[in-house]
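Below you'll find the structure, written out as structure tokens, and then a few comments.
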Amino acid sequence: MKFLIVSGARPNFMKIAPILDVFESTGRGSEALLVHTGQHYDEKMSGSFFRDLGIREPDVNLGIGSGTHSQQTGRTMIAFEEVCLKETPDWVVVVGDVNSTLACALAAKKLCVNVAHVEAGLRSGDMTMPEEINRLCTDAIADLLFTTDTMADENLLREGVAPGRIHCVGNTMIDTLMKHIGRARAMPLPCGLEEGRFAVVTLHRPANVDHRETLAAITGAIREISRRIPVVFPVHPRTYGRLADFGLLAEFEREPGIRMVEPLGYLAFMGMMARCKMILTDSGGIQEETTVLGIPCITMRENTERPITCRIGTNVLVGRDAVAILAAASRALDWTRTNYAPPELWDGHAAERIVRILVDRAQPEGTAPRTGPE
Ligand code: UD1
């Protein structure tokens, strides 16, 4: 069987790496081609992740680049359709919830190619998030839905998905974390930081950075926190642009406790996250990684598609209000690490389960054989 494994943006790379590894070692003769859509394309957002994680050169790079949601999704669909027609895969495997995920799932499904979605069933309930639309639409059409925990299974069952399509397999991002955490911890900490004595900030959601008032409230809270504990802030390109546009960059850069750095590679970032006192973020994946690392995570969002991390107790949702962010940071400063138990299947073997199910699987029931476009 032939599989196309799709990756597009930074949060995809750590999710596909272990799947490719397992295909290579135990794929039982199946062919797995790597398609990079090029949604993220520069060294900091893409190249360094390929190197850190030992991901091979993509077999195909669609070179899609930046644009509006429709431009990105549309361009990816058109380019990926051509790849599917040329390669005639049996399965397309998409991961996560970025625009590339939905675009490739849609293009494949319209050619009657089977689609597997890794990290299915996550729901924030927030339809203003582009990722929520991507999740809902991808899950609606995928043949196989690989979930990270049973709360995701419950979401899918509540939406009427047939139980046979759902496989709770664990978390491939955590496979990657477990494989590389030793190397990550051996990386030097940037800016002379000392273990356990600094906070990390990441910020990139449009809802947090695209409106001046919201961004000013959040950056105000971060400046306040930096007077109590040094803060290191790897700045996403979108956020850097908005800070500059809104005239917030200079005051932020002048704040003595804040170290603004460029986006970091996987090992440098993971090494820093594993040794910080707390992280303030609006990322999705970081909520899960901190749950495994036992690091307090303060999520600057009103909702999360990863409620299991709050249930376990490492993650707390604080919204965008400066007072709430500061209160949570004060609590985290006094927090002593306890041993948190991550969800059962976050054990470093999710990719093995996924590949086993995929290669064991023939044509999914009720799916017509691949015929190409009409
Ligand atoms: C995308 C994902 C989001 C994910 C995030 C991680 C969607 C809808 N959003 O958001 O789910 O959490 O990636 O970063 O798919 N840029 C560069 N270099 C790059 C890529 C982007 O400088 O390699 C700049 C461009 O100015 C671009 C901006 O960053 O316009 C935003 O990139 P984009 O891919 O549109 O969305 P993200 O905000 O990164």
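The values are calculated or read from the model by the stated rules, or taken from the named source; none is laboratory data. Just so it is clear, the model here is predicted, and its values are computed rather than measured. In this analysis, Cβ positions are derived from the backbone assuming ideal geometry, glycine residues included, and neighbour counts consider all displayed protein chains.
Name every residue in the stretch 68-92 that is outside any helix (DSSP H, G or I), of a type in the set (S, T, N, Q) and either in contact with a Leu (Cβ under 8 Å, 6 or more places away or on another chain) or away from the ligand (no atom under 11 Å from the Cβ) (or both), in order of residue number.
Selection gives Thr88 alone.
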Please indicate, with yes or no, whether at least one residue in the stretch 349-362 is modelled with pLDDT under 90 and in a loop (DSSP other than H, G, I, E, B). yes
Please go through the stretch 110-147 and pick out each residue that is in contact with a strand residue (DSSP E or B) (Cβ under 7 Å, 6 or more places away or on another chain), assigned to a loop (DSSP other than H, G, I, E, B) and among the aliphatic types (A, V, I, L, M). Val113, Ala142
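Being more than 16 Å from the ligand (Cβ to nearest atom) and either farther than 24 Å from Gly47 by Cβ or among the hydrophobic types (A, V, I, L, M, F, W, C) (or both) narrows it down to one residue among Ile279, Ile312; which is it? Steps first, answer last, please.
Values: Ile279 fails: more than 16 Å from the ligand (Cβ to nearest atom).
Only one candidate passes the filter, namely Ile312.
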Only one of (1) in a helix (DSSP H, G or I); (2) within 16 Å of the ligand (Cβ to nearest atom) fails for Val200. Which number is that? (1)
Test set (1) away from the ligand (no atom under 14 Å from the Cβ); (2) more than 30 Å from Met187 (Cα to Cα); (3) without any contact (Cβ under 8 Å) to a residue 60 or more places away in the chain; (4) part of a loop (DSSP other than H, G, I, E, B) - Gly65 fails condition number: (1)
State all residues of the stretch 18-57 that are away from the ligand (no atom under 16 Å from the Cβ), closer than 27 Å to Thr88 by Cβ, outside any strand (DSSP E or B) and small (Gly, Ala, Ser); if no residue qualifies, say none. Ser25, Gly27, Gly29, Ser30
Six or more apart or on different chains, Cβ under 8 Å: which pairs go from a residue in the stretch 129-143 that's within 16 Å of Val161 (Cβ to Cβ) to one that's basic (Lys, Arg)? Could you list them? Arg135/Arg123; Leu136/Arg123; Ile141/Lys109; Ala142/Lys109; Ala142/Arg165; Asp143/Arg165
